[in-house]
1. Pick out the long, greasy-scoring helices in the chain: whole DSSP H runs spanning 15 Å or more along their own axis by Cα, mean Kyte-Doolittle at least 0.0.
2. Just subtract the alpha-carbon distance of Arg79 and Lys64 from 0.36 nm times their residue separation and send over the number in nm, one decimal.
3. As a check on your grasp of the helix formula, calculate [θ] at 222 nm for the chain: sum -39500 (n - 2.57) over DSSP H runs of n ≥ 4, divide by the residue count, round to the nearest 500.
4. Per the Kirkwood definition applied to all pairs of different Cα atoms, how many angstroms is the hydrodynamic radius of the chain?
5. Mind putting a number on the dipole of the chain about its Cα centre? Charges go on the C-beta only, +1 for Lys and Arg and -1 for Asp and Glu, and I need it in Debye to the nearest 20.
6. Probe radius 1.4 Å, ligands and nucleic acids ignored: give me the carbon and sulfur share of the accessible area of the chain as a rounded percent.
Amino acid sequence: MADTDPVPITDENAVAHAIAAAIHDITKQDLPGHGHEIVHERLTRPGSVVRASVAYSKARSTGKTERGAVRDAAMELVRQYRFQHNL
């Protein structure tokens with residue numbers, strides 16, 4: 001997520017940015033059985049959306065910028081995904 005993002009990060013779209021970043025992070029590892037479509041399906045389920053929203057809100061409440069909070073939310077999604085799938 002460079003400073004030239006086509007869609008700037010705001011509180012309203014931060015969860016979508018976090019999910020996209022997490023999907024990218026997981027799929028770039030080329031793990032068998034964890035292709036883009038499967039990871040996308042799993043990380044757009046309601047539980048993952050809520051997890052990202054909570055992580056983002058917690059990070060923002062500590063004073064982090066939108067970009068920093070999105071990074072924290074994405075890292076939480078990746079951490080949870082890796083835990084759930086024993087990666």
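1. 14-27
2. 3.4 nm
3. -21000 deg cm²/dmol
4. Details: mean 1/r = 0.0772 Å⁻¹.
Across the chain, the inverse of the average 1/r is 13.0 Å.
5. 360
6. Details: 3030 of 5470 Å².
Carbon and sulfur: 55 percent of the exposed surface of the chain.
The values are calculated or read from the model by the stated rules, or taken from the named source; none is laboratory data. Keep in mind that what you see is a predicted model, and the values were worked out from it rather than measured. Cβ coordinates were reconstructed from backbone atoms using ideal geometry, including for glycine residues, and neighbour counts include every protein chain displayed. For the accessible areas, the whole protein counts, side chains as well, though only heavy atoms, and no ligand, DNA or RNA atoms are used. Shrake-Rupley method; radii C 1.70, N 1.55, O 1.52, S 1.80 Å.
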